[in-house]
Amino acid sequence: MISKVDHIGIAVFSIEEAMPTYRALGLEIHEVEEVPQEGVRVAMLQCGESKIELLEPTRDDSPIATFLAKRGPGMHHLCLGTDDIQADDERLRTAGLRVLRPAPTRGAGGCWVQFVHPKSTGGVLLELSQPAAEGEE
Ligand code: CO
């Protein structure tokens, strides 16, 4: 079941250069992680019960590099938290929505993630995220 807005993803050229703005808002980096399969460095900022995810490209063919080249920095995706991503994945496919991956894959923080194309959602790239189970590698 989808139960919360987990985080909002924001594309930045540089996490370091973006941080003074967020520090001025009273937010701090909770953790930084490199996700090589996505070609990004991710900084998670805790914001109450939600998070802000700053996404910095680590290579030119990263989807975030492509996004920045086309549209510049800004809001990239909205992530909804779920406790059953497999069921959500199937329900979305059945409903005819265009999911981006053949099946949920591992993303930042070891979470299982799936994405829904903006053309299926009225212009918003949606991420679904389920924390990895205890002890799951
Ligand atoms: Co995200």
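Structure data summary
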| item | result |
| --- | --- |
| Vicinal HN-Hα couplings computed from phi for the stretch 93-106 (Karplus, 6.51 cos²θ - 1.76 cosθ + 1.60; Hz; Gly/Pro x) | 4, 4, 6, x, 7, 8, 8, 8, 10, x, 7, x, 10, 7 |
| Phi to ³J(HN,Hα) by Karplus 6.51 cos²θ - 1.76 cosθ + 1.60 over the stretch 114-128, Hz, x for Gly, Pro | 9, 10, 10, 4, x, 5, 8, 10, x, x, 10, 5, 9, 10, 10 |
| Surface accessible to a 1.4 Å probe, per residue, for the residues of the chain, Å² | 57 |
| Per-residue ³J(HN,Hα) for the stretch 81-88, Karplus 6.51 cos²θ - 1.76 cosθ + 1.60, θ = phi - 60°, Hz, x for Gly and Pro | x, 9, 10, 8, 5, 5, 5, 5 |
| Within the stretch 1-48, GluC sites (Glu not before Pro) in DSSP loop having at most 16 other beta-carbon neighbours inside 10 Å | Glu28 |
| Using distinct alpha-carbon pairs, which all enter the 1/r mean, Kirkwood radius of the chain in Å | 15.4 |
| Label-point separation, Gln46 to Arg91 (7 Å along Cα→Cβ), nm | 2.9 |
| Charge tally in the Cβ shell below 13 Å around Ile8, where Lys, Arg are +1 and Asp, Glu are -1, Ile8 excluded | -2 |
| Whole-percent carbon and sulfur share, accessible surface of the chain, 1.4 Å | 54 |
| Spin-label model distance (nm) - Ser3 vs Glu136, 7 Å beyond Cα toward Cβ | 1.5 |
| Where labels lie 7 Å past Cα in the beta-carbon direction, separation of Ala24 and Asp60 in nm | 3.3 |
| Magnitude of the charge dipole, the stretch 1-93, Cβ model with Lys/Arg +1 and Asp/Glu -1, debye to 20 | 400 |
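The values are calculated or read from the model by the stated rules, or taken from the named source; none is laboratory data. All figures in this text were calculated on a predicted structure; none of them were measured in a lab. In this analysis, Cβ positions are derived from the backbone assuming ideal geometry, glycine residues included, and neighbour counts consider all displayed protein chains. Ligands, DNA and RNA are excluded from the accessible area calculation, which covers all protein heavy atoms including side chains. Shrake-Rupley method; radii C 1.70, N 1.55, O 1.52, S 1.80 Å.
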